[in-house]
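What follows is calculated from the coordinates using simple rules that are stated; it is not laboratory data. Worth saying up front: this structure is predicted, and the values here are computed from it rather than measured.
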Amino acid sequence: MMVVMELKNIAQGSFQEVLIEDGFIVFKIQNDTPQVQKVMREINSSYLQFHFCLKGSAKFIFNDGRYALDVSEENSLLLYNTQIDLPLNMELNPNSWMVSVVMTIRKFHSLFSKEADYIPFLSAENKDKKYYVQEAVSPAIAVILSQIINYNLHPSVKALYIKGKVYELISLYFNKGDGTDLEQCPFLVDEDNVRRIRKAKEIIITRMAEPPSLSELSEEIGLSLKKLKEGFRHIYGDSVFSFLFDYKMEHARKLLESGKYNVNEVGLKVGYSTASHFISAFKKKYGTTPKKYLMALANP
């Protein structure tokens, strides 16, 4: 059964604690205020922690303030230490959203019991080590995080929906082939290239209705076409236009849910000159038409 509790130490904003199963909890943390919000919760050493920053940024503080890690938008932080407790002590910056998943190592073992050898810290020689891993969030994970934050469903199915999304989230997090291992990627050694790739992402998002071609984009950011393609896939886990498609569809979904625009207007805003092309794209992404999607929202 899903249990939702408001954390009392946040005067404004929102903190929801969702119990998925015994030893498996999700935190949905939103700070839509102009002030930094401090979030604290006890978490003992038997838990793994996955923190995903969907929007804005946050600072995680350890050892009574002697050490801190910053997590920025579209990045994640994995924490694991069997030697000491790692209580949640986070400063969430203004206009920032965070989704955190904590689960016991026993629960985690049960998820990967047949594939444990593929998860490094489950091996015997690593089981007592500590892990502090930061990674970029892929577009696919970003979509799931947004759905976890923004779902609009009948109360009777909310528990099942969130449970499914969190399992999907963890599956994608560990779905890493050799080509998407960020720690082993030599491309990321060059910080200037990374900055240029992030600029490319901002350009295509800002101009999603009329995005530049790959050649134009590579010229605008001052990076070769080859490095643009390779670097974008390494950092965001997808090609430039696959990433843009996912982003456009998620943006379109939010516009539809706002109730401020009709289907034609939403299609134009995300770059489709005809309603039919937009409807086809939306159905490809979500398996239903925009109209049917809105009808489902109106009649949960």
### Query
Shape of the stretch 242-298 from its Cα gyration tensor (a ≥ b ≥ c, root eigenvalues): rounded if a/c is under 1.5, otherwise prolate when a/b > b/c, or oblate?
rounded
### Query
Which ³J(HN,Hα) values, rounded to whole Hz and listed in residue order, are derived for the stretch 241-246 from phi using the Karplus coefficients 6.51, -1.76 and 1.60 in 6.51 cos²θ - 1.76 cosθ + 1.60 with θ = phi - 60°, glycine and proline given as x?
7, 5, 4, 5, 4, 4
## Note on the structure
Between the alpha carbon centres of the stretch 229-280 and the stretch 192-207 the gap in Å comes to 17 Å
### Summary
Diffing the stretch 52-69: the Karplus 3J(HN,Hα) column from phi (6.51, -1.76, 1.60, θ = phi - 60°), in whole Hz with x for Gly and Pro, holds 10, 8, 7, 7, x, 6, 8, 10, 9, 10, 10, 6, 6, x, 7, 8, 8, 10
### Summary
Among K199/K254; K201/K269; K165/K291; K229/K284, the pairs whose Cα-Cα distance exceeds 21 Å are K199/K254; K165/K291; K229/K284
### Task
Using the Karplus curve 6.51 cos²θ - 1.76 cosθ + 1.60 with θ = phi - 60°, work out ³J(HN,Hα) for each residue of the stretch 83-89 in order, rounded to whole Hz, and write x for Gly and Pro.
8, 9, 5, 10, x, 6, 9
